[in-house]
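The structure appears below as structure tokens.
The values are calculated or read from the model by the stated rules, or taken from the named source; none is laboratory data. Bear in mind the structure is a predicted one, so any value in this text is a computation, not a measurement. Here the Cβ is made from the backbone with ideal geometry for all residues, glycine too, and neighbour counts use every protein chain on show.
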């Protein structure tokens, strides 16, 4: 019996149709909250975010996920009914329950697929890759797993009053994994620090505080940054996750051909690549053209790099995700 290794055979993305440039965003803010409008230039300088894209009002996160899934399936050359499992990562779900992955399965027509959601924000996509890889390695009856990251946080934000709404862009990215006789998947790493769970989130609408007219009026059913994360969370955490993948996978850091990080601040990527002693050309970023797309940003960036020819067969690619809560996860793959 062959040793089964998960490998990525297709990728896709969805960038929704409504552009919100920094200029347009600042002009809207100037009409309602001039003080917030003043920080747009400052945030652009540190993040490299110049624009973002919003889904139409009648779309839900599942609609973004379905479009990215279709794109990835077409790239892999398989049909929705061929998919055995859908793993969806998001922290902007359609509903508190049921799982958004079930909605995606129905809308996609993946009638033979099981599903589940992963809810660790920007760490969701590498977490999903790691889970999918383990399942494919140990379940000979499984052939194709679709891993999706999707994000529609702009719809859950109070852009008129919360400065962090500057970052949110909608989008989705996806990857199709199958089993092969050689890696593929190399190794994983996980880390969390739940002491930060009250820093950034949506704090009313769950069991901690069910939504009430009072909590809605106070804005607690919208996403809020309550307390800033220290820069060390990413600037120290990302290099640590990379070095853990190096140690767990038994390769040298010089062997790495591409690292896909959470796409929130260009400055963080630049700093971390310098700390690792790797050229910036071995990273890829998309926040300048699509904004910060949260749970979707890693697969969107990977699909963009892959289709630009920056990721080639035989390349060693690392995924490093860092999400509120906070969760961090890493995954290492050799491209087929």
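Are there strands (runs of 3 or more DSSP E) fully within the stretch 121-239 with at least 3 residues that are over 20 Å from the mean Cα position of the chain (by Cα) and crowded, with 17+ Cβ neighbours inside 10 Å? List them.
Strands (runs of 3 or more DSSP E) meeting the threshold: 171-180.
How about the stretch 250-274: which of its residues are under 23 Å from the mean Cα position of the chain (by Cα), touching a residue at least 24 places away in the same chain (Cβ under 8 Å) and assigned to a helix (DSSP H, G or I)?
Across the stretch 250-274, the qualifying residues are 266, 267, 268, 271, 272.
If you check every pair at least six apart or on different chains, which have Cβ atoms under 8 Å apart with a residue in the stretch 59-74 that is not assigned by TED's automatic domain parsing to the domain that holds residue 125 and at pLDDT below 95 first and a residue that is surrounded by 22 or more Cβ atoms within 10 Å (Cβ to Cβ) and part of a helix (DSSP H, G or I) second?
none
Here's the yes/no breakdown for (1) closer than 25 Å to residue 231 by Cβ; (2) in the same structural domain as residue 151 (by TED's automatic domain parsing); (3) buried (at least 24 other Cβ atoms within 10 Å of the Cβ):
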| position | (1), (2), (3) |
| --- | --- |
| 269 | yes, no, yes |
| 274 | yes, no, no |
| 302 | yes, no, yes |
| 310 | no, no, no |
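Can you confirm whether the stretch 5-19 contains a residue that is assigned to a helix (DSSP H, G or I), surrounded by 19 or more Cβ atoms within 10 Å (Cβ to Cβ) and not assigned by TED's automatic domain parsing to the domain that holds residue 296?
no
Here are some residues: 124, 133, 195. Which one is without any contact (Cβ under 8 Å) to a residue 40 or more places away in the chain and over 15 Å from residue 69 (Cα atoms)?
Matching residue, one of 124, 133, 195: 195.
Among the residues of the stretch 31-51, which ones are modelled with pLDDT of 90 or more, assigned to a helix (DSSP H, G or I) and in contact with a helix residue (DSSP H, G or I) (Cβ under 7 Å, 6 or more places away or on another chain)?
40, 43, 44, 47
In the stretch 300-317, is there at least one residue being farther than 30 Å from residue 23 by Cβ, part of a strand (DSSP E or B), modelled with pLDDT of 95 or more and touching a helix residue (DSSP H, G or I) at 6+ places or on another chain (Cβ under 8 Å)?
Within the stretch 300-317, one or more residues are farther than 30 Å from residue 23 by Cβ, part of a strand (DSSP E or B), modelled with pLDDT of 95 or more and touching a helix residue (DSSP H, G or I) at 6+ places or on another chain (Cβ under 8 Å).
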